[in-house]
Amino acid sequence: MSQDKPKGADVNAAAVLLEDKKKQIRDEWSAVLSSLAESRDKIAFSRLYEYFAPRVKAYIIRFGMSPASAEELTQESMLAVWRKAHLYNRSKASASTWIFTLARNQCIDRLRREKAVEYELPEEEADPDQRHYGEHAVVAKRMEDAIAQLPEAQAQVLYLSYYEGKSHSEIAEQLGIPLGSVKSRLRLAFSKLKAHWGEDSEN
Amino acid sequence: MKISHHFDDATLVAYSSGTLTKGMALLVESHLEMCKQCTEHVHTSNRIGGDLLTKIAPVAMQRGSLDQVLGMLDSVDMEVPVENEVSASGEVPQSLAAIIGCDLDKLDWKSMGLGVQQFDLKLGGSGATRLLRIQPGVSVPHHTHSGNELTLILRGSYSDEIGRFQVGDVADLDDQLEHQPIVDTREECICLIATDAPLKFSGLMGKLVQPFIGL
């Protein structure tokens, strides 16, 4: 289960099998995390770390942190996993969802502290290289499953929200569309994903 | 408590992705304490983040990072679940009570005239977060918003062009809408309001009060 991607044979297997495999992997990570509360097993923690830390770091970098800050915040996030493992409830969230929320909260806390300092500074011009990064990245990296089935305009606003930490107003400005359009895209995306996942259980 | 007005799903996605202002996130959390439906929607939104996390291209951690963290595990304290303090009056949600205390009547309300008082939470950052206390029969001048405005009713009720808002209800408004809320019972109305940009008042009355309200 430490494999990031299915082996070649799985790629050719029926989509159903792939789905089963993914669900299995997701369930296994959730089981590992769930057991951590009781076992306090550092080997289990290390496995979680090796799988999730590089992903959390990638997420935090896209959220707008420097790689050095991202490294540090990832370590803090993974420490939070250890400290809060007994609060994890497998029936409520998968391991990835729960770890996402911990990492996100680390980002929010850090950004709020930094923004409070920057508050007095004059507004800076957007970095032209960063400006359309989200759009390129959405085109370049096809998201799988439900998110991949979304129209690109909807996937893009999700991407900009979750991966780049952009507010609705910032997305509207970046894409040159009205605020209302950002919201209606998010609303549409949400209702499709909600239908796909269902609301009652993670799996 | 029967809640009739909920957040726009787009707002809950913003909450889940961590992009709301501090005050707006506080207001969302306050409503979530009372609303199962919105809580479910946040769970779904969080799943979007969790799902993206499994699909993101990993970025390698620095050499030795795991060992550093392993070395810290024994010295960190386990997180103790926070004991929820029960709100004295029962009308202030926990998340809000953590900042302003439990009693709305004991706050240092500042009169804005025209039957309206306010209490600024002074959270800093962009936008504003404040409590408004509006006397019965009083209406807030017509206004639109250049950004978003979230309102959570804590006491009493009001009505506007959209409908009637009672305790626990939220109004989730953006620049598409101009509205004029009016307190519609004999009870005063207290609501928490969080914005991410200044309000724009319209009409002469609005222009007159804007400088005083400073919303």
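Of the helices (runs of 4 or more DSSP H) lying entirely inside segment B:1-62, the ones with 1 or more residues being more than 14 Å from the chain's Cα centre (by Cα) are found at B:9-17, B:36-55. As for segment A:65-72, it holds at least one residue that is at the interface with another protein chain (Cβ under 7 Å from one of its Cβ atoms), modelled with pLDDT of 95 or more and in contact with a helix residue (DSSP H, G or I) (Cβ under 9 Å, 6 or more places away or on another chain). Can you find even one residue in segment B:34-53 that is touching a residue at least 40 places away in the same chain (Cβ under 8 Å), of a type in the set (Ser, Thr, Tyr) and within 11 Å of chain A (Cβ to nearest Cβ)? No - not one qualifying residue is present in segment B:34-53. Residues in segment A:161-188 that are surrounded by fewer than 19 Cβ atoms within 10 Å (Cβ to Cβ) and either at the interface with chain B (Cβ under 7 Å from one of its Cβ atoms) or not in a helix (DSSP H, G or I) (or both): A:Gly176, A:Ile177, A:Pro178, A:Gly180, A:Arg187.
Taking the criterion of being buried (at least 20 other Cβ atoms within 10 Å of the Cβ) and either of a type in the set (A, V, I, L, M) or not in a helix (DSSP H, G or I) (or both), the residues of segment A:72-101 that qualify are A:Leu73, A:Met78, A:Val81, A:Ala85, A:Ala93, A:Ser94, A:Ala95, A:Ile99.
Within segment B:130-179, track down each residue that is more than 24 Å from B:Leu104 (Cα to Cα), at pLDDT 80 or above and away from chain A (no Cβ under 14 Å). Talk me through it step by step, then tell me what you get.
As a first pass, look at segment B:130-179 and keep what is more than 24 Å from B:Leu104 (Cα to Cα): B:142-148, B:161-163, B:173-179.
Restricting the remaining residues to those that are at pLDDT 80 or above gives B:148, B:161-163, B:173.
Those that are more than 24 Å from B:Leu104 (Cα to Cα), at pLDDT 80 or above and away from chain A (no Cβ under 14 Å): B:Glu161, B:Ile162, B:Gly163.
With respect to A:Leu48, determine if the residue is assigned to a helix (DSSP H, G or I), more than 9 Å from chain B (Cβ to nearest Cβ) and either surrounded by fewer than 17 Cβ atoms within 10 Å (Cβ to Cβ) or acidic (Asp, Glu) (or both).
Numbers: assigned to a helix (DSSP H, G or I): yes; more than 9 Å from chain B (Cβ to nearest Cβ): yes; either surrounded by fewer than 17 Cβ atoms within 10 Å (Cβ to Cβ) or acidic (Asp, Glu) (or both): no.
No, not satisfied.
Checked against (1) farther than 22 Å from A:Ala44 by Cβ; (2) at the interface with chain A (Cβ under 7 Å from one of its Cβ atoms), B:Val28 passes all but a single condition, namely (2). Restricting segment B:103-129 to residues that are among the small types (Gly, Ala, Ser), at negative phi and within 14 Å of another protein chain (Cβ to nearest Cβ), which is nearest to the chain's Cα centre (by Cα)? If we take residues in segment B:103-129 being among the small types (Gly, Ala, Ser), at negative phi and within 14 Å of another protein chain (Cβ to nearest Cβ), then B:Ala128 is nearest to the chain's Cα centre (by Cα). Annotation: A:Asp109 fulfils all but one of (1) within 30 Å of A:Lys84 (Cα to Cα); (2) within 7 Å of chain B (Cβ to nearest Cβ); (3) surrounded by fewer than 21 Cβ atoms within 10 Å (Cβ to Cβ); (4) at pLDDT 75 or above; the unmet one is (2). Taken over segment A:149-159, the criterion of being more than 9 Å from every other protein chain (Cβ to nearest Cβ), among the aliphatic types (A, V, I, L, M) and either surrounded by fewer than 16 Cβ atoms within 10 Å (Cβ to Cβ) or part of a helix (DSSP H, G or I) (or both) is satisfied by A:Ala153, A:Ala155.
The values are calculated or read from the model by the stated rules, or taken from the named source; none is laboratory data. Please read these numbers as outputs of a predicted model, since none were measured by experiment. Neighbour counts run over all protein chains shown; Cβ positions are idealised from the backbone, glycine included.
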